[in-house]
Amino acid sequence: MNPRAGNDVSLIDYLLSRGWRPSRDYGREEVAGLCPLHRETRPSFYVNRRKQVFYCHGCGRGGGIRQIRRWLEGGAWPTVQPEDTAGMFEQTYGFFERRLRGCPEARDYLRQRGIYDPDLIVRMRIGYAPGACLRAYLNRCGYRSAALRSAGLVDALGRDRLFRCVTFPLEEAASLYGRSIDGGYWRHRFLPHSKGGLYGWRRAQSYRSLIVVEGLFDLAALWQAGFPQAVALLGSHASPEQMAQLEQRRSARVHVCLDADANGAGQLAAQTLSERLRHAGVEALRVALPAGYDPASLFAAGASAQDFHRWLERARP
């Protein structure tokens, strides 16, 4: 074992001792480089110096120094056979869609969050994971339990990972996002995979302007209100793949509309993203929402499309 890999060594020092080198420095806390856990040609591996954590947008692995040591020093990472993945996730998406239609509680939750348009729900393939049933269903479809665990759909004990969650398929990334309808032990989670590029990117490319939001409920609320040019980061920070997508649209105006958090985190993330886009030659404007709101909660509270147009008009660099 590497002598520098003791518990008192920082994550960044440990990685440097293993030969990893950052290729991008975003200042303050974060650096990025090629992932040491899988082959890639563009940096997707991010390290936060202060929090001592890492996350790879390419392979979906993340954690702290213990996890990275386990993987780099001989621990195996389960893999999914490519020929099984697409069909298994397609079956999962359809199964959760059918469960939503039969669950008034989950549909009520969507309405409380301001999502009520049946066409939108069908288009986004929103579903519901009741728990304690996905493994049995996929086993009947011919998928082995080991494949389900490798895909992150169930945990080591075979329990549904997204139990009692409203679900959104991330089809291009062969993954899922779940939002708990009753809080539980956590509010929301992604499966341990890459989130892929910007959600909604293919649809939005034909528009002359873009609206960048954080989450899928924000996106759903905007699409429902008549803003089809909205795309979602699936978080507050853009991955290298997402930045590359936005940089392709230098002729488009990009409205950065992230959450107006009470602690200022969303506003800081919006400022950082706007600056990165402008540095890349993209016209980027920040949308200042009322304090404590995000697009989804604004519409759920009664805001209209006209109201949102006014916030867009007030956007500034």
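Before moving on, here are some points about what is shown:
- Spherically averaged projected area of the range 196-317 from its Cα convex hull (nm²): 6.5 nm²
- Cβ-Cβ distance of residue 206 and residue 86, R₀ of 30 Å, FRET efficiency by 1/(1 + (r/R0)^6): the value works out to about 0.70.
- Distance between modelled label sites at residue 122 and residue 155, nm, 7 Å Cα→Cβ extension: 3.6 nm
- Peptide ranges 160-172, 204-216, 294-306, 101-113 listed from the most packed, as the mean C-beta count within 10 angstrom indicates: 160-172, 204-216, 294-306, 101-113
- Placing a label point 7 Å from the Cα of residue 275 along the Cα-to-Cβ direction, the residues of the range 23-46 whose backbone N falls under 20 Å of that point are 23-33, 46.
- Global geometry of the range 266-317, whether rounded, prolate or oblate, following the gyration tensor of its Cα atoms and the 1.5 cut on a/c: prolate
- Relative contact order computed over the range 111-222 (Cα-Cα under 8 Å; 6+ residues apart), in percent: 22 percent
- Sum of -39500 (n - 2.57) over DSSP H runs of 4+, divided by residues of the chain (222 nm, nearest 500): -10500 deg cm²/dmol
- Two-site label geometry, residue 73 and residue 268: point separation in nm, points 7 Å out along Cα→Cβ: 3.2 nm
- FRET E, pair residue 171, residue 13, Förster distance 30 Å, beta-carbon r, rounded to 0.05: 0.15
- Accessible solvent surface per residue of the chain, calculated while the other protein chains remain in place, 1.4 angstrom probe, Å²: 50 Å²
- Taking all Cα pairs closer than 8 Å and separated by 6 or more residues, the relative contact order of the range 153-194 comes to 30 percent.
- The range 195-295 - share of DSSP beta bridges that are antiparallel (%, nearest 5): 10 percent
- Here the Kirkwood formula puts the hydrodynamic radius of the chain at 20.9 Å, using every distinct Cα pair.
- Loop-resident sites, the range 229-289, for trypsin sites (Lys or Arg not before Pro), counting at most 14 other Cβ within 10 Å (DSSP): 250
- Antiparallel DSSP beta bridges within the chain, percent to nearest 5: 70 percent
- Full extension of the chain between residue 49 and residue 145 gives 30.8 nm of extra length, using 0.36 nm per residue less the Cα-Cα distance.
- Backbone amide hydrogens, once placed in the peptide plane, bring residue 259 within less than 5 Å of 214, excluding anything fewer than 5 places away on its chain.
- Per atom type, the chain shows carbon and sulfur on 48% of its accessible surface, probed at 1.4 Å.
- In this simple spin-label model, placing a label point 7 Å from the Cα along the Cα-to-Cβ direction at both residue 247 and residue 98 gives a separation of 4.5 nm.
The values are calculated or read from the model by the stated rules, or taken from the named source; none is laboratory data. Quick caveat, the model's predicted, so the values are computed rather than measured. We place every Cβ from the backbone using ideal geometry, glycine too, and count neighbours over all the protein chains shown. We work out accessible area using only protein heavy atoms, side chains counted, and drop any ligands, DNA or RNA first. Shrake-Rupley method; radii C 1.70, N 1.55, O 1.52, S 1.80 Å.
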